[in-house]
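So the structure is just underneath, and the comments pick up after that.
The values are calculated or read from the model by the stated rules, or taken from the named source; none is laboratory data. All figures in this text were calculated on a predicted structure; none of them were measured in a lab. Backbone-built Cβ (ideal geometry, glycine too); neighbour counts: all protein chains shown. Each accessible area value is taken on the protein alone, full model and side chains, heavy atoms only, with ligands, DNA and RNA left out. Shrake-Rupley method; radii C 1.70, N 1.55, O 1.52, S 1.80 Å.
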Amino acid sequence: MSVENSENAQPQAAGHPYFDLKTTLQLFIKEKKWPSLEEASRNMINLYPEIEFGWFALGMAKAKLGDHNGAVLNFKKAIYLNPDFVSSYYQLGISYFNQKDFANSIQYYQEAVKRGMKTHTIYYNIGNAWYSIGDNERAIKNYLKSLSIRPDFTAAAYSLFRIYFGNEDYKSAVSSLQPVISDDNLPSYLLAQARLLYENESETNYIKLRQALKLLNSAIDLDDTFALAYYERAYVKTRLGDTKGFAHDKAMAFQLNPDLRKGHLVDLFSTSYL
């Protein structure tokens with residue numbers, strides 16, 4: 001006889017074999033032994049087809065082995081058997097996201113939130129789904145919610161940085177990183193991000209150079225004795241044709257750190273300027 005809610009079929013005795021099998025599945029999940037999890041979850045389903053955990057575990061195995069369609073079917077079966085099993089909604093959101101079905105991903109994430117899952121990771125995932133469909137406003141809202149729960153969650157902070165930076169809101173971009181990067185390290189991080197914009201460019205890309213300039217400006221605002229930031233900004237300014245700004249920043253860099261005159265770093269600049 002079938003049941004709609006697995007709680008009615010859930011073994012009650014602590015020594016029931018079901019609990020040993022469930023513990024084994026949980027161990028395979030913890031240790032990320034996905035082929036073993038797939039086999040063991042099928043065994044549980046054969047023995048206890050009306051209990052949701054075997055279907056959920058099989059969904060996890062399918063998802064981790066790259067079968068997202070199979071994962072969706074098994075997570076939905078787990079929800080059918082136990083609509084209160086919140087983790088199935090969350091994992092469905094992940095599976096739909098991996099299939100680039102962002103609308104369904106958001107739907108199931110939000111259902112998990114409605115049913116009590118209010119972790120920093122779920123709001124981060126919701127933010128990623130909104131970002132993927134181009135709704136930056138909702139993405140920002142969820143990244144901020146994630147950070148309100150865990151202020152040091154680096155992934156959400158970097159995602160906010162990505163959006164603000166793309167919108168040329170450099171002040172907010174810098175602020176988004178401050179909870180996860182110390183004040184001492186933040187200027188160096190901004191300098192590294194600036195370099196990424198122009199280091200591998202074979203041709204002059206003025207948009208990226210101007211973005212890099214904004215980042216280096218922010219680095220210098222945070223630490224006006226950061227010689228290497230002046231040095232890199234001098235390079236960017238010469239690429240942009242700002243010879244006056246180049247001369248100023250080069251002089252500041254060499255004044256703050258005379259060693260920058262030596263070695264391969266000087267090769268960054270055209271000899272016509274040095």
If you fit an axis through the alpha-carbon atoms of helix 34-47 and take the longest principal axis of the Cα set of the chain, what angle between them do you get, 0 to 90°, nearest 10? 20 degrees
Taking the Cα atoms only, what angle lies between the long axis of helix 206-222 and the longest principal axis of the chain, rounded to 10 degrees? 90 degrees
Efficiency by 1/(1 + (r/R0)^6): what FRET value for Lys30 and His248, r their Cβ-Cβ distance, R0 = 51 Å, to the nearest 0.05? 0.35
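Can you tell me the alpha carbon radius of gyration of the chain divided by the globular rule-of-thumb value 2.2 N^0.38 Å?
My calculation over the Cα atoms of the chain gives 1.42.
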Beyond 31 Å (Cα-Cα) in this structure, taken from Lys32/Lys214; Lys76/Lys141; Lys145/Lys237; Lys32/Lys77; Lys141/Lys244, we find Lys32/Lys214; Lys145/Lys237; Lys141/Lys244
Rounded if a/c under 1.5, otherwise prolate or oblate - the stretch 87-138, Cα gyration tensor axes: oblate
Report, to the nearest 10°, how far helix 120-132 tilts away from the longest principal axis of the Cα atoms in the chain, using its own Cα long axis and a range of 0 to 90°. 70 degrees
Debye intensity ratio in log₁₀ form over the Cα atoms of the stretch 186-242, taken at each q of 0.14, 0.23 Å⁻¹: -0.30, -0.80
Calculate, for the chain, the solvent-accessible area per residue in square angstrom, rolling a 1.4 angstrom probe over the heavy atoms of the protein chains. 53 Å²
Within the chain, helix-based [θ] at 222 nm, where runs of 4 or more DSSP H residues each add -39,500 (n - 2.57), nearest 500: -21500 deg cm²/dmol
